[in-house]
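All remarks here apply to the structure that follows.
Coordinate-derived values only; no laboratory data. Owing to the predicted nature of the structure, the values given are computational and were not obtained by experimental measurement. Positions of Cβ are generated from backbone atoms using ideal geometry, with glycine treated the same way; all protein chains shown enter the neighbour counts.
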Amino acid sequence: MHIFIFVLTIIIMADNIKYKRPKQVAPEHQEIISEIGKRLEGLRKKRGTSAAFLCRVSNISRNSYRQMEKGEIYFSFENFLKVLNFHKIPIHNFFDKNFEKLLSVNYFNIFLR
């Protein structure tokens, strides 16, 4: 009886979880998100790893990861950290001086509009 209630609870909880489509990137953020995607793709290719393997090990859907690399969606911070963890790169090493320059110029331009 306890197992039945447990399974029923899981089914009810799963039924209440709704899939939410990833949000498209706003034009003013496109350059930054694309740069992050290019860097993630570069790390993966430098390591000689397939996207399928990275996704399997990191527990990220292949479609989500593909969209991350292409800069097509806003992705979760959790998924971003999973990818950095896979590559064993601390977050502060991912964002170098060139990225900081891109970030400051891009956001400065947004606030001038």
Review point. What dipole magnitude, in Debye to the nearest 20, does the range 24-112 give about its Cα centre under +1 on Lys/Arg Cβ and -1 on Asp/Glu Cβ?
Key: 560
Practice item. For the range 24-112, go through all pairs of different Cα atoms, get the mean of 1/r, take its inverse, and jot down that Kirkwood value in Å. Key: 13.5
**Study point:** Burial ranking of peptide ranges 58-65, 33-40, 85-92 (average Cβ count within 10 Å, highest at the top)
**Key:** 33-40, 58-65, 85-92
**Study point:** Nitroxide proxy distance, nm - points 7 Å out along Cα→Cβ at residue 74 and residue 87
**Key:** 2.3
Practice item. Check the straight Cα-Cα distances from residue 82 and name the aspartates and glutamates below 16 Å, setting aside those fewer than 8 residues away within the same chain. Key: 41, 69
